[in-house]
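The values are calculated or read from the model by the stated rules, or taken from the named source; none is laboratory data. Here the structure is a predicted model, which means the values were calculated and not measured. Note: ideal-geometry Cβ built from the backbone for every residue, glycine included; neighbour counts use all protein chains shown.
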Amino acid sequence: MLITTGDEPSVAMLERAKKLAEEFAVRYVPRRGRSVTRLTRDNGNVPVIVLVENEVRLVQPGEKAMFFHPSMAFVRAKRLLKGEEDVMISTAMLQPGDHILDCTAGLGADSLVFALATGPTGSVTALESSLPLSMLLTEGLRSHKTGLPPFDEAMGRIQVVNENHLSYLSQLPDKSMDIVYFDPMFREALHESAAIAPLRGFANDGALHPDAIAHAVRIARKAVLLKEKWDSPEYERLGFERIRRKNSKIEYGVIYP
């Protein structure tokens, strides 16, 4: 795993790259006029995080680059700010000031909606077991600007942790979070945008372990939430009450401890 910058990085950009490399204990490699393809080839064909002005991307040799972008989270955020309902938020019974643990952060879309809803008095911890995705998400949340102040402030409040969720959950005390959330990668692909499809190459696509749910129920004060396909057998296997949604391929399951 490497970190680099664009061809002519500013001093601030260099500092950002070196800070990220130190934080995740990976190598920073100066670009020195090399293409990203050549840089990865010269360093063992490993994934590389590329920092440029107002953008961060993850490049895997032989794959399309993946960019950090709030995507649908931004659309959902604007609806929330207008006072419209978000099913994830209402099902979790979230209130401002709540503390949320997102166990499967990915590119952080749901963490962003949680962070906006819980506000500055709450907290969102976003767990991501993939090192490349953790780095992409961390830097994306720091550097991306949408021009919508409440949303940009919410991005800055998310704490990204590069750790397996079962290990992390097992260390938390009882009733230490208000909401625990799971959005595992769908093992049968839905229609995906070109921006999201490369995520599958990095994300952990294993099924959730019942022990993770048991810990979540022990930890959550309000709700444990599961996001899955409408026809997924995971709701029943893991003991969730399914929340039916008309004309939606995605549904939520909930356990109220």
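For the stretch 143-157, which residues satisfy the criterion of being buried (at least 17 other Cβ atoms within 10 Å of the Cβ) and either among the aliphatic types (A, V, I, L, M) or part of a helix (DSSP H, G or I) (or both)?
Within the stretch 143-157, Ser143, Phe151, Ala154, Met155 meet the criteria.
So in the stretch 100-118, with the set limited to residues that are closer than 13 Å to Phe182 by Cα and either aromatic (Phe, Trp, Tyr) or touching a Ser or Thr at 6+ places or on another chain (Cβ under 8 Å) (or both), which one is surrounded by the most Cβ atoms within 10 Å (Cβ to Cβ)?
Of everything passing the filter in the stretch 100-118, Phe114 is surrounded by the most Cβ atoms within 10 Å (Cβ to Cβ).
Considering only the stretch 18-51, state which residues are aliphatic (A, V, I, L, M), surrounded by 13 or more Cβ atoms within 10 Å (Cβ to Cβ) and either within 19 Å of Ser130 (Cα to Cα) or out of contact with any strand residue (DSSP E or B) (no Cβ under 7 Å at 6 or more places or on another chain) (or both).
Hits for the stretch 18-51 are Leu20, Ala21, Val26, Val46, Val48, Ile49, Val50, Leu51.
Of Pro173, Pro120, Pro149, which residue is more than 18 Å from Leu225 (Cβ to Cβ) and free of Cβ contacts under 8 Å to residues at least 24 places away in the same chain?
Pro149
Those residues that are in a strand (DSSP E or B) and free of Cβ contacts under 8 Å to residues at least 60 places away in the same chain, I need them from the stretch 222-232; list them, please.
Val224, Leu226, Glu228, Lys229 - these are the residues of the stretch 222-232 that are in a strand (DSSP E or B) and free of Cβ contacts under 8 Å to residues at least 60 places away in the same chain.
Any residue in the stretch 60-73 that is out of contact with any strand residue (DSSP E or B) (no Cβ under 7 Å at 6 or more places or on another chain) and crowded, with 21+ Cβ neighbours inside 10 Å?
So far as the stretch 60-73 goes, yes, one or more of its residues are out of contact with any strand residue (DSSP E or B) (no Cβ under 7 Å at 6 or more places or on another chain) and crowded, with 21+ Cβ neighbours inside 10 Å.
Any residue at all in the stretch 233-252 that's assigned to a strand (DSSP E or B), in contact with a Lys or Arg (Cβ under 6 Å, 6 or more places away or on another chain) and not aliphatic (A, V, I, L, M)?
The first filter runs over the stretch 233-252 and keeps only residues assigned to a strand (DSSP E or B), leaving 241-243, 250-252.
Okay, now just the ones that are also in contact with a Lys or Arg (Cβ under 6 Å, 6 or more places away or on another chain), so 251-252.
Subset that is not aliphatic (A, V, I, L, M): 251-252.
The answer is yes, given that some residue of the stretch 233-252 is assigned to a strand (DSSP E or B), in contact with a Lys or Arg (Cβ under 6 Å, 6 or more places away or on another chain) and not aliphatic (A, V, I, L, M).
Given the criteria in contact (Cβ under 8 Å) with a residue 40 or more places away in the chain, under 30 Å from Ala216 (Cβ atoms) and touching a strand residue (DSSP E or B) at 6+ places or on another chain (Cβ under 7 Å), does Leu127 qualify?
yes
Taking the stated definitions as given, is Glu139 of a type in the set (D, E, K, R) and in a helix (DSSP H, G or I)?
Yes.
Considering only the stretch 158-189, state which residues are part of a loop (DSSP other than H, G, I, E, B) and either closer than 14 Å to Leu101 by Cβ or not assigned by TED's automatic domain parsing to the domain that holds Leu94 (or both).
Glu163, Asn164, Leu172, Pro173, Asp174, Lys175, Ser176, Asp183 - these are the residues of the stretch 158-189 that are part of a loop (DSSP other than H, G, I, E, B) and either closer than 14 Å to Leu101 by Cβ or not assigned by TED's automatic domain parsing to the domain that holds Leu94 (or both).
Here are some conditions: (1) in contact with a Leu (Cβ under 9 Å, 6 or more places away or on another chain); (2) in a helix (DSSP H, G or I); (3) β-branched (Val, Ile, Thr). Thr104 meets all but one. Which one does it not meet?
All conditions pass for Thr104, except number (2).
Assuming Leu137 fulfils every condition listed in (1) buried (at least 24 other Cβ atoms within 10 Å of the Cβ); (2) in contact with a helix residue (DSSP H, G or I) (Cβ under 8 Å, 6 or more places away or on another chain) apart from one, which condition is it?
Every listed condition holds for Leu137 apart from (2).
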